[in-house]
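J.: Shown below is the structure under consideration.
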Amino acid sequence: MLQDNPFDAHADEYDAWFDRFPNLYESELLAVRAILPPRRGRWVEIGVGSGRFASRLGIDLGIEPSEAMARLARARGVKVLAGCAEEIPLEEASVRAAFLITTVCFLSDLPHAFAEVRRILRRDGAAVIAFIPRDSRFGRLYRENANGDTFFSHAQLRSTNEVTEALTEAGFHVDRILQTLTGDPATADARVEVPSSGSDRGSFVVVRGRTSGSRPA
């Protein structure tokens, strides 16, 4: 969780990115949608932000530490509880699917956050983690320009191995990995990209981890 949260003061600036780069946004949505688990029980997005993903993916509950962002998400029809990934304000085994979308780079303690996600999931649950890999083209670009960026100056980008290993250590079985935004960042918004398997080329990677006893889909 960020101590000095830039999303409180710059929520509208963050939200405007999705309108400025509509094809990037749609490409990311396609990748997350392609890896959704079966729709059973309650879903929650942790770090729901302005609700851009939750409202399009049918996730009606979000957890968000920034009240300014939460107001935008609520305006999109998402119920939002104040909280963070390291201390999720939900009961044990109370949800079937948990989503962290472009959130892990803002977490200081990834293993603890994933342990919290595991705690709130049912035995047949799934965690869907979407992120910008550290060594992807976008990842390198964001790191090179981090000092002048309102949001990424606070970010700690993670590698795909770091994310999958932390999920495994928290008790998940990683069963699917998809990627999108595989080209040059300068032209990435020119079209909507269909996701592909793997994580070797994509600047937006989606990993699905299942709890023990889950059925594949």
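J.: When the residues of segment 131-144 are narrowed to those that are in a helix (DSSP H, G or I) and of a type in the set (Phe, Trp, Tyr), which ends up nearest to Gln179 (Cα to Cα)?
T.: The selected residue is Phe138.
J.: Go through Ile132, Ile120 for me and flag whichever is over 20 Å from Thr211 (Cβ atoms) and of a type outside the set (Gly, Ala, Ser).
T.: The unique qualifying residue is Ile132.
Residues are listed down the side, and each one gets a yes or a no for (1) surrounded by fewer than 19 Cβ atoms within 10 Å (Cβ to Cβ); (2) farther than 20 Å from Glu64 by Cβ; (3) among the hydroxyl-bearing types (Ser, Thr, Tyr):
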{"position": "Phe99", "(1), (2), (3)": "no, no, no"}
{"position": "Thr102", "(1), (2), (3)": "yes, no, yes"}
{"position": "Leu121", "(1), (2), (3)": "no, no, no"}
{"position": "Ala166", "(1), (2), (3)": "no, yes, no"}
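J.: Determine whether segment 107-130 contains at least one residue that is of a type in the set (Asp, Glu), in contact (Cβ under 8 Å) with a residue 40 or more places away in the chain and in contact with a strand residue (DSSP E or B) (Cβ under 8 Å, 6 or more places away or on another chain).
T.: Taking every residue of segment 107-130 in turn, at least one turns out to be of a type in the set (Asp, Glu), in contact (Cβ under 8 Å) with a residue 40 or more places away in the chain and in contact with a strand residue (DSSP E or B) (Cβ under 8 Å, 6 or more places away or on another chain).
J.: Of all the residues that make up segment 65-106, how many are in a strand (DSSP E or B) and in contact with a strand residue (DSSP E or B) (Cβ under 9 Å, 6 or more places away or on another chain)?
T.: Count: 12.
J.: Return the only residue of Arg158, Arg119, Arg140, Arg134 being of a type in the set (Lys, Arg) and over 29 Å from Pro185 (Cα atoms).
T.: Exactly one residue qualifies, and that residue is Arg119.
J.: State which residue pairs qualify: first residue touching a residue at least 60 places away in the same chain (Cβ under 8 Å) and inside segment 18-41, second residue assigned to a helix (DSSP H, G or I) and acidic (Asp, Glu) in any location, beta carbons under 6 Å apart, and separation of 6 or more residues or different chains.
T.: Phe21/Asp189; Asn23/Asp189; Leu24/Asp189
J.: Right, next: Any idea which of Val205, Val128, Val117, Val174 is surrounded by 15 or more Cβ atoms within 10 Å (Cβ to Cβ), of a type in the set (Val, Ile, Thr) and part of a helix (DSSP H, G or I)?
T.: Just a single option satisfies the conditions, and that option is Val117.
J.: Here is a follow-up. Output yes when any residue across segment 76-90 is out of contact with any helix residue (DSSP H, G or I) (no Cβ under 8 Å at 6 or more places or on another chain), among the acidic types (Asp, Glu) and either at pLDDT below 95 or closer than 25 Å to Arg176 by Cβ (or both), and no when none is.
T.: Checked against the condition, which is being out of contact with any helix residue (DSSP H, G or I) (no Cβ under 8 Å at 6 or more places or on another chain), among the acidic types (Asp, Glu) and either at pLDDT below 95 or closer than 25 Å to Arg176 by Cβ (or both), segment 76-90 yields no hits at all.
J.: Looking at Gly58, Gly49, Gly62, which is the one that is over 21 Å from Thr168 (Cβ atoms) and surrounded by fewer than 17 Cβ atoms within 10 Å (Cβ to Cβ)?
T.: Only one candidate passes the filter, namely Gly58.
J.: Considering each of Arg42, Arg33 in turn, give the residue that is farther than 18 Å from Lys79 by Cα and either modelled with pLDDT of 95 or more or not small (Gly, Ala, Ser) (or both).
T.: Arg33
The values are calculated or read from the model by the stated rules, or taken from the named source; none is laboratory data. These numbers come from a predicted model, not from an experiment. A quick note on method: Cβ atoms are made from the backbone with ideal geometry, for glycine too, and the neighbour counts reach across all protein chains shown.
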